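The structure under discussion appears below in the form of structure tokens.
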Amino acid sequence: MIRVLIVDDSLFIRTILRDLLKDSPDIEVVGTAVNGIDALGKISELKPDVVTLDIEMPRMGGLEVLEALREVRAKPKVIVLSTLTSKQADMTHRALRLGADDFMLKPRDVPNVRGIERELVQKIRNLVALPTIVRPPAVRLSEADIVVLIGSSAGGPPMLDALLSALPPDLPAAVVVTQHMPEGFTASLAERLSRISPLQVKETANGDTLQTGTVLVSKAGFHSVISRVVSGAGRNHGRVVHSTAPRMHAVRPAVDATFTSAAHVFGPRTVSVLLSGMGNDGGEGTLAVKTAGGTTMICAEEDCLVYGMARSALARNCVDQVAPLGSLAHEIARAVSRLEVNYV
């Protein structure tokens with residue numbers, strides 16, 4: 001059993017989270033706490049495996065709890081719960097720097113609260129199951145000849161944990177992740193993924209070059225458009241251009257913007273993957289990758305919280321492979337290996 005302590009000054013949130021977790025056979029809510037002082041006492045007393053932690057609370061907030069836990073030898077894993085404000089985005093990033101293991105956005109209303117159950121359960125399970133990554137010594141980075149594109153939305157972050165932690169450290173390709181997320185929070189996502197992936201992970205900056213063995217997480221508020229860079233050897237490489245063009249599918253960054261632009265640059269040396277997500281974003285981009293001669297994959301429906309994005313690609317008859325989440329990293333590595341052999 002995974003022992004969970006819920007820490008939040010809101011009785012509503014404490015009650016909802018307890019209700020969401022009670023039906024999971026491998027999770028036990030061992031207690032709740034109303035502020036940081038209460039939380040530290042309960043952590044010492046109840047020895048939870050995982051703590052869900054509110055950031056702003058009376059008497060002692062979540063950041064102070066994390067500071068105190070730095071002195072604790074056998075400390076629990078911590079998931080920070082954050083609301084959708086720029087202040088909370090900054091505090092969430094600080095929380096990860098202070099030792100929080102993951103974060104999750106608090107929904108704004110009751111229907112959305114109920115909708116986070118599967119993602120919360122996945123995050124809790126991931127924290128206890130994912131191995132500690134020992135990153136190999138840094139190697140000299142080079143401009144990538146092959147690109148792997150990953151698109152996701154609702155339900156995507158726990159899947160990114162599983163996928164990126166399983167990719168080989170010597171993957172001879174650049175990876176670009178476009179996850180629908182509010183502005184300010186993709187830096188925290190990149191920070192989180194950098195701890196569990198054997199590859200180097202960072203949020204995109206305008207002008208970033210796509211390099212082998214690195215993962216770029218598209219910065220929220222901008223489309224990550226991949227532009228062409230021609231090397232001295234005449235090969236095409238890619239660079240990220242942040243675009244404030246109108247939202248696509250009501251989002252920015254849009255998966256379609258990244259997939260389509262990257263397909264124009266890398267052509268058949270493109271591998272695209274769609275994970276969980278609502279809506280149609282990613283369908284046109286997957287078609288663009290397929291038309292350019294690239295390899296297209298989607299995750300199997302049973303592993304996705306929402307199947308709208310993947311279904312949008314299926315409707316366009318442009319998907320080469322449907323794979324379970326547990327096999328996707330292997331299939332990506334195999335596809336990249338074939339491209340590496342064939343690319344001259």
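A short reminder: the numbers here are calculations on the coordinates, not readings from a lab. Predicted model, so just to flag it, every value in this text is computed and none were measured. All Cβ positions, even for glycine, are placed from backbone atoms using ideal geometry, and neighbour counts span all protein chains on display.
Provide the net charge surrounding Leu164, with neighbours chosen by a C-beta distance below 12 Å and charges set as Lys +1, Arg +1, Asp -1, Glu -1. Present the calculation step by step, with values, prior to reporting the outcome.
Numbers: positive: Arg192, Arg195; negative: Asp161.
With Lys, Arg at +1 and Asp, Glu at -1, the neighbours total +1.
Calculated from DSSP H runs of 4 or more alone, at -39500 (n - 2.57) each and per residue, what is the 222 nm mean residue ellipticity of the chain, nearest 500? The partial results should precede the final answer.
Values: 12 runs with 129 residues, N = 344.
It lands at -11500 deg cm²/dmol.
For segment 2-129, what's the relative contact order in percent, using C-alpha pairs closer than 8 Å and at least 6 residues apart? Could the numbers behind the result be given before it?
Values: 212 pairs, mean separation 29.4, N = 128.
Once divided by the residue count of segment 2-129, the mean separation gives 23 percent.
Just report the Cα centroid separation between segment 144-214 and segment 288-344, whole Å.
Spelled out, the Cα-based centre of one part sits 16 Å from the other.
Please list, short to long, the whole-number percent of alpha-carbon pairs of the chain in consecutive 20 angstrom bins beginning at zero.
Histogramming the chain at 20 Å steps yields 32, 55, 13, 0 percent.
Report the antiparallel proportion of the DSSP beta bridges in segment 238-339 as a percent, rounded to a multiple of 5. Working shown, then result.
On the way: 1 of 9 bridges.
Among the beta bridges of segment 238-339, antiparallel pairing accounts for roughly 10 percent.
Just rank Ile37, Ile79, fewest to most, by other beta-carbon atoms within 10 angstrom.
Details: Ile37 16, Ile79 21.
The most exposed by this proxy come first: Ile37, Ile79.
For every other residue with a beta carbon closer than 12 angstrom to the beta carbon of Val121, add +1 if it is Lys or Arg and -1 if Asp or Glu, then tell me the sum. Before the final figure, lay out each step's value.
Numbers: positive: Lys22, Arg118, Lys123, Arg125; negative: Asp23, Asp26, Glu117, Glu119.
Taking every Cβ under 12 Å from that of Val121, the sum is 0.
Mind checking which lysines have their Cα closer than 20 Å to the Cα of Lys22? Skip sequence neighbours fewer than 8 apart in that chain.
Reachable lysines: Lys42, Lys47, Lys77, Lys106, Lys123.
Could you work out the relative contact order of the chain? I mean the mean sequence separation of Cα pairs under 8 Å and 6+ apart, divided by the number of residues, in percent. Spell out each step's value before the answer.
Working: 782 pairs, mean separation 43.4, N = 344.
Averaging sequence separation for qualifying contacts and normalising by length gives 13 percent for the chain.
Find, among the GluC sites (Glu not before Pro) in segment 122-231, those assigned to loop by DSSP (not H, G, I, E, B) with at most 14 other beta-carbon atoms within 10 angstrom. Before the final figure, lay out each step's value.
Numbers: sites: Glu143, Glu183, Glu191, Glu203; in loops: Glu183.
Sparse-neighbourhood loop GluC sites (Glu not before Pro): Glu183.
Could you give log10 I(q)/I(0) at q = 0.09, 0.11, 0.19 Å⁻¹ for segment 137-278, computed by the Debye formula over C-alpha point scatterers of equal weight, without solvent?
Debye intensities relative to I(0), on a log10 scale: -0.23, -0.35, -1.09.
For every other residue with a beta carbon closer than 12 angstrom to the beta carbon of Thr204, add +1 if it is Lys or Arg and -1 if Asp or Glu, then tell me the sum.
Working: positive: Lys202, Lys219, Arg239; negative: Glu203, Asp208.
Spelling it out: positives minus negatives among the neighbours equals +1.
Could you state the angle between the C-alpha long axis of helix 117-129 and the longest principal axis of the C-alpha atoms of the chain, as a value from 0 to 90 degrees rounded to the nearest 10?
Computed tilt is about 90 degrees.
May I ask what percent, to the nearest 5, of DSSP beta bridges between residues of the chain are antiparallel? Please list the in-between numbers first.
Details: 11 of 56 bridges.
So the antiparallel bridges in the chain amount to around 20 percent.
Check each of the GluC sites (Glu not before Pro) in segment 1-100 and keep only those in coil by DSSP with at most 11 other C-beta atoms within 10 angstrom; list them in order. Intermediate values should be presented prior to the final figure.
On the way: sites: Glu28, Glu45, Glu56, Glu64, Glu67, Glu71; in loops: Glu56, Glu71.
Within segment 1-100, the qualifying GluC sites (Glu not before Pro) (loop, at most 11 other Cβ atoms within 10 Å) are Glu71.
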